[in-house]
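The values are calculated or read from the model by the stated rules, or taken from the named source; none is laboratory data. This one's a predicted model, so the numbers in the text were calculated from it and none came from an experiment. Cβ coordinates were reconstructed from backbone atoms using ideal geometry, including for glycine residues, and neighbour counts include every protein chain displayed. Calculation scope for accessible area: heavy atoms of the full protein, side chains included, ligands and nucleic acids excluded. Shrake-Rupley method; radii C 1.70, N 1.55, O 1.52, S 1.80 Å.
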Amino acid sequence: MPMRVPKGDQRLLRRHNRGLVLNLLRERGPLSRTELSQRTGLAPSVLTRLIRDLVAEGVVVESGKAESNGGRRPTLLELNPDYAHVIGLKVERARLLGARVDLGGRIRARAAVDLPEHPRPQRFLELAGQLAAELLRGKTLGVGIGVSGFVDAVRGVDLYSPILDWREVPISEPLARVTGLPVYLENDVNALTLAERWYGAGRAFRNFVCVTVGEGIGAGVVIGGELYRGAFGGAGEVGHMTIDPDGPRCRCGERGCLEVFASDRFLLRRAGELGYPDIGALAAAARDGDPAAQAAFQDMGRALGIGVKNLVNLLNPEAVVLGGERMEHQDLFLPAFEEEVRRHSFPKEAEILAIERAQLGEDGFLVGAAALVIREFFRLPTERARV
Ligand SMILES: [Zn+2]
């Protein structure tokens, strides 16, 4: 007598198989039915039924024929990026940026709204609701938000964001009430890291760190293909790792943090000392051959290299992906950065470590916020809940 599978388990199994197929198509599509069967281990009859349902639902589409070495050319299947869209929001100091993003990670529409300085949470929620409504069109799976600072992603609470002057501000639940959609909150650099993992420089790596350089210095950590958030979501706060315990005071109150030596504040101070009004002017002077201006960027690159070397020795990643707005001057600090990272890391690691530039630029923050929602769509029912 064949083994009977209880009804509830059958449903779970179907959802699990469905998730397997969708994830494969997301990562490696287009694929033929034969390839899907080989990679999932699902019996062709099970797969045929599953694909028929997914095509009828509109989430999978046939996308032409594969090459063949004789015989019938197999039909290729791929994910339909327009099956549904998601909304990604990025909170900046004075603006809220938004985008409608398809399931393939492409931005399909944009919108933005100015934020008052240190906005009251109630006002912020109104503006975020309006922006989401402006971007809403067709089937929409949810809203993802990236914000700098400490975030409790499980409860959807902004624990501490210095740029907004917020502490313990609930975001996900109230915004879900306003929009009628599920809302996912995450630290902005973590969101960016997710975007680079799925759609950018991190696609080729299962273990990497994504470091952003600009006003602050942040990092997202990917281990085994998944974002690593730490016990309370604070993993990757590299900006305040100590580089020199006797160094100048940092804005956080400690001394000699990485941000003191490698963030925009460092470059601004050096620009001021040399008589340049801003970082752009300092960079122009460096490119014009001013050795003092060149030294400022080299010092910054070296300090960043010391910080990243510590990460590399701790985590042994395959790659370091560098992003953030200061990358516009990468020609001036990357050589010193790379030399420092490779000089200090253990020899074998340093040899094979890839140093890559983030591919999505500033859009990565929006795509990453959207990816928080897309990740839920693709999550297998048997995987642990979102953390
Ligand atoms: Zn600090």
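If packing is taken as the average count of other Cβ atoms within 10 Å, what order do 105-117, 133-145, 366-378 fall into, highest mean first? All intermediate terms of the calculation are to be shown ahead of the outcome.
Values: 105-117: 14.6, 133-145: 18.7, 366-378: 25.5.
Averaged packing, sorted descending, gives the order 366-378, 133-145, 105-117.
Computed from the Cβ-Cβ distance with R0 of 22 Å, the FRET efficiency linking R155 to L127 stands at 0.50.
Between R93 and K139, what FRET efficiency comes out of the Förster formula 1/(1 + (r/R0)^6) with R0 = 45 Å and r the beta carbon distance, rounded to 0.05? Walk me through the numbers before you get to the answer.
Details: r = 33 Å, r/R0 = 0.73.
With a Förster radius of 45 Å, E is 0.85.
Using a probe radius of 1.4 Å on heavy atoms only, what accessible surface per residue do you get for the chain? Whole Å² is fine.
Details: 18730 Å² over 387 residues.
Here the residues of the chain average 48 Å² of exposed surface.
Extension gain, S45-L380: 0.36 nm per intervening residue step, less the Cα-Cα distance, totals 118.5 nm. Based on alpha-carbon atoms, the Kirkwood radius and the radius of gyration of region 202-358 give Rg/Rh equal to 0.97. Need one number: % antiparallel among DSSP beta bridges in the chain, to the nearest 5. So the antiparallel bridges amount to about 65 percent of the total.
Between region 1-72 and region 141-155, how many Å separate their Cα centres? One Cα centre to the other: 32 Å.
Under 5 Å between amide hydrogens, built in the peptide plane, is the criterion, and for G323 it picks out V211, T212, V213, A358 among residues at least 5 positions away or on other chains. For region 240-387, the relative contact order is 18 percent, taking Cα pairs closer than 8 Å that sit 6 or more residues apart in sequence and dividing their mean separation by the residue count. Taking amide H as placed 1.01 Å from N in the peptide plane, I243 has its amide H under 5 Å from the amide H of C257, L258, each at least 5 places away in sequence or on another chain.
Kirkwood hydrodynamic radius, computed over distinct alpha-carbon pairs, for the chain: how many Å, to one decimal? Before the final figure, lay out each step's value.
Values: mean 1/r = 0.0439 Å⁻¹.
It works out to 22.8 Å.
Residues within the reach of a label modelled at S32 (point 7 angstrom out along Cα to beta-carbon, backbone nitrogen below 17 Å), restricted to region 47-83, are 47-48, 62-78. Hydrophobic long helices, here whole DSSP H runs in the chain with Kyte-Doolittle means of at least -1.0 and Cα atoms spread over 15 Å or more along the helix axis, are found at 44-57, 121-135, 188-199, 291-315, 330-344, 363-378.
The relative contact order of the chain, computed from alpha carbon pairs under 8 Å that lie at least 6 residues apart in sequence, is 16 percent.
Nearest 500 deg cm²/dmol is fine: what mean residue ellipticity at 222 nm does the chain get from its DSSP H runs of n ≥ 4 alone, each adding -39,500 (n - 2.57), divided by its residue count?
Details: 13 runs with 165 residues, N = 387.
Only helices count here, giving -13500 deg cm²/dmol.
Compared with the direct C-alpha span, the chain from R108 to A292 gains 61.8 nm at full extension, assuming 0.36 nm per residue. When only the Cβ of Lys, Arg, Asp and Glu is charged (+1, +1, -1, -1), the dipole of region 7-79 relative to its Cα centre reaches about 240 debye. Highest-first packing order for the peptide set 91-99, 206-214, 163-171 is 206-214, 91-99, 163-171, based on the mean count of other beta carbon atoms within 10 Å.
With a cut-off of 8 Å between alpha carbons and a minimum separation of six or more residues, what is the relative contact order of region 98-226 in percent?
Working: 199 pairs, mean separation 23.5, N = 129.
It rounds to 18 percent for region 98-226.
Couplings for region 228-240, taken from phi via the Karplus curve 6.51 cos²θ - 1.76 cosθ + 1.60 with θ = phi - 60°, read 9, 9, x, 5, 10, x, x, 4, x, 7, 7, x, 10 Hz in order; Gly and Pro are left as x.
Roll a 1.4 angstrom probe over the protein heavy atoms and tell me the percent of accessible area of the chain that is carbon or sulfur. Accessible surface attributable to carbon and sulfur in the chain totals 50 percent.
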